[in-house]
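Have a look at the structure below before the remarks.
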């Protein structure tokens with residue numbers, strides 16, 4: 001335990017008083033924290049708890065959590081003194097400038113608890129998600145660190161950013177097979193694992209090196225003295241990290257971390273969201289241990305809060321909530337730090353959140369680069385150390401509807417990590433999926449007796465996303481978004497087999513969608529600029545940008561009914577949005593009321609009937625038909641897909657395929 005900071009009283013208390021009263025609104029501190037921001041709710045709860053403790057009241061559960069964190073570096077006397085300053089400002093001005101309105105004239109008898117925090121969470125999450133320096137990133141997107149200049153610019157202005165890598169597959173518990181070589185935690189650790197994502201995994205991430213785009217002292221032509229600190233959130237057994245000091249750091253240099261002082265994070269995680277709070281500092285100071293203790297204590301508080309608040313809805317609930325608490329902790333750390341050291345010592349602070357998918361990608365890819373663009377601009381290169389974490393994977397399941405009756409789902413002999421692709425060509429149902437071990441696209445087909453062929457690799461094509469299929473003009477067309485963001489396409493006939501892959505230009509993400517319209521293949525795909533595009537005729541040129549301006553975080557679904565091709569998506573609001581095209585531009589067909597999906601839908605057409613399948617926010621698979629209007633959606637018995645389904649009509653029956661949630 002580091003020695004607590006010796007309180008000098010007057011100077012720090014006066015700085016706190018000025019901050020709360022708005023006298024420092026134009027300083028970097030006041031600009032960073034904002035006015036009346038929900039992002040400072042934890043700071044308000046800590047100060048309110050300090051005042052209550054000063055006046056002899058027992059702190060609430062939330063106040064105690066935060067007071068214990070700050071108590072890692074402050075004496076009880078100074079904590080109470082901070083509470084006294086807070087009370088003075090509340091009594092004089094009604095509401096401290098940088099604190100939310102729930103602390104306006106809040107009586108000392110009325111504590112602020114975790115239950116109160118839950119009540120205020122919607123506003124906190126909305127505010128955090130509207131901030132330009134927060135982001136949710138699909139871990140499969142190529143070059144994801146440079147795709148959003150707006151985020152980097154906002155991080156530079158605020159000197160901190162929060163990035164959550166989307167937990168693509170974290171709802172699924174892996175099947176028992178296929179985990180060879182993955183190190184598991186000893187089963188007698190006695191830790192309470194909630195089982196959300198399977199067995200605990202050992203995580204060890206090293207700080208390898210950093211590259212200097214811009215030094216903190218560039219404006220004076222000087223060299224920096226840099227060091228890094230980190231604390232893990234969400235894993236067990238983790239310790240805080242502090243690097244060696246790098247002296248005389250200049251522009252365009254690459255500096256390497258010491259091999260005996262480079263463990264950025266090491267601990268166990270059961271697959272719950274794992275976060276690392278990292279700070280790049282300029283200018284070392286004496287008495288650093290208290291700073292590291294505060295950093296770790298607040299990060300531990302973030303872990304405790306996220307575990308308490310996460311509830312059960314991992315995909316749709318945790319990431320925005322996790323980002324919100326990350327902003328809260330960053331603001332609180334900045335607030336406390338301002339009272340002890342010059343704020344300019346922090347070049348940039350960043351919180352990185354990783355789910356099971358991102359950890360698997362990091363472990364199998366080996367390295368990642370995270371940008372820290374604040375007073376200085378540094379690229380931190382991290383690398384994985386130890387065994388690989390497998391992707392969440394499982395066997396495909398198939399539900400078949402004959403007429404209006406669904407059969408009991410069956411397990412197919414194909415293991416994959418994504419949604420499959422389905423299409424009928426000739427007299428067979430064709431399926432494509434990704435092999436878990438190397439993410440190679442695999443191909444199998446089924447005859448009318450229900451017998452599947454042996455799955456074989458489709459060349460050496462690899463992807464993080466589901467492939468797409470359609471039959472048009474006597475040819476089976478295939479497309480997939482490659483790992484490098486390029487569009488890979490092939491065609492197939494039984495007589496000639498698969499053609500060599502054509503690799504188009506880059507700039508794409510998510511799975512493509514294929515469907516046949518007037519005997520021509522149409523393709524819809526998501527661009528890195530966040531717009532949808534479509535092309536036709538199989539040449540995949542002359543891309544047309546979406547005229548409806550839809551914004552999505554997943555792929556679209558396509559199918560043809562009558563003289564129109566339909567495009568249906570799950571919006572950011574989880575509602576189903578519909579449109580169709582008669583050969584020109586897309587016409588909006590409205591939002592289907594009362595339907596909410598957690599992933600992209602699937603579409604299948606059979607004559608005049610168009611069928612949608614979607615994974616509801618309740619985890620069930622829902623199906624509905626359109627014959628001029630959308631009919632009532634009903635659950636598919638026994639089906640619990642982990643993400644988007646796939647669907648096709650074959651031999652007068654509807655086939656739905658998906659990965660099953662364990």
Is one or more of the residues making up the stretch 349-358 within 17 Å of the chain's Cα centre (by Cα), at pLDDT 90 or above and under 16 Å from residue 210 (Cβ atoms)?
yes
Taking the conditions exactly as written (within 24 Å of residue 224 (Cα to Cα), buried (at least 17 other Cβ atoms within 10 Å of the Cβ) and modelled with pLDDT of 80 or more), does residue 281 satisfy them or not?
yes
Here the residues within the stretch 605-639 that are surrounded by fewer than 19 Cβ atoms within 10 Å (Cβ to Cβ) and in contact (Cβ under 8 Å) with a residue 40 or more places away in the chain are 606, 608, 609, 617, 619, 637, 638
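Looking only at strands (runs of 3 or more DSSP E) that lie completely in the stretch 358-404, which have at least 2 residues being within 20 Å of residue 138 (Cβ to Cβ) and out of contact with any helix residue (DSSP H, G or I) (no Cβ under 6 Å at 6 or more places or on another chain)?
Values: elements: 367-373, 377-384, 394-402.
Hits in the stretch 358-404: 367-373.
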How many residues, within the stretch 136-164, are modelled with pLDDT of 80 or more and at positive phi?
1
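Report the residue count in the stretch 406-428 for those that are buried (at least 23 other Cβ atoms within 10 Å of the Cβ) and more than 27 Å from the chain's Cα centre (by Cα).
To start, the set of residues in the stretch 406-428 that are buried (at least 23 other Cβ atoms within 10 Å of the Cβ) comprises 416-423.
Now drop any that are not more than 27 Å from the chain's Cα centre (by Cα), which leaves 422-423.
Residues meeting the conditions: 2.
If you go through the stretch 460-474 one residue at a time, do you hit one that is assigned to a strand (DSSP E or B), in contact with a strand residue (DSSP E or B) (Cβ under 7 Å, 6 or more places away or on another chain) and exposed (fewer than 15 other Cβ atoms within 10 Å of the Cβ)?
Residues of the stretch 460-474 that are assigned to a strand (DSSP E or B), as a first pass: 460-463, 468-472.
Adding the requirement that they be in contact with a strand residue (DSSP E or B) (Cβ under 7 Å, 6 or more places away or on another chain) leaves 460-463, 468-472.
Filter again for exposed (fewer than 15 other Cβ atoms within 10 Å of the Cβ), leaving 460.
The answer is yes, given that some residue of the stretch 460-474 is assigned to a strand (DSSP E or B), in contact with a strand residue (DSSP E or B) (Cβ under 7 Å, 6 or more places away or on another chain) and exposed (fewer than 15 other Cβ atoms within 10 Å of the Cβ).
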Tell me, which residue of the stretch 583-600 that is surrounded by fewer than 18 Cβ atoms within 10 Å (Cβ to Cβ) and within 13 Å of residue 534 (Cβ to Cβ) is nearest to the chain's Cα centre (by Cα)?
585
Is it the case that the stretch 435-442 has a residue that's buried (at least 18 other Cβ atoms within 10 Å of the Cβ), modelled with pLDDT under 95, at negative phi and part of a strand (DSSP E or B)?
no
Looking at (1) assigned to a helix (DSSP H, G or I); (2) surrounded by 21 or more Cβ atoms within 10 Å (Cβ to Cβ); (3) at pLDDT below 90; (4) within 30 Å of the chain's Cα centre (by Cα), which is the one condition that is false for residue 98?
(1)
Against the conditions (1) at pLDDT 95 or above; (2) within 19 Å of residue 532 (Cα to Cα); (3) surrounded by fewer than 19 Cβ atoms within 10 Å (Cβ to Cβ), where does residue 484 fall short? Just the number, please.
(1)
Flagged pairs (Cβ under 8 angstrom, 6 or more apart or on separate chains; first in the stretch 327-354, on the phi > 0 side of the Ramachandran plot; second crowded, with 24+ Cβ neighbours inside 10 Å and modelled with pLDDT of 85 or more) are none
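The values are calculated or read from the model by the stated rules, or taken from the named source; none is laboratory data. This structure is a prediction, so every number in the text was calculated from the model and none was measured. Every residue, glycine as well, gets a Cβ built from its backbone with ideal geometry; the counts of neighbours run over all protein chains shown.
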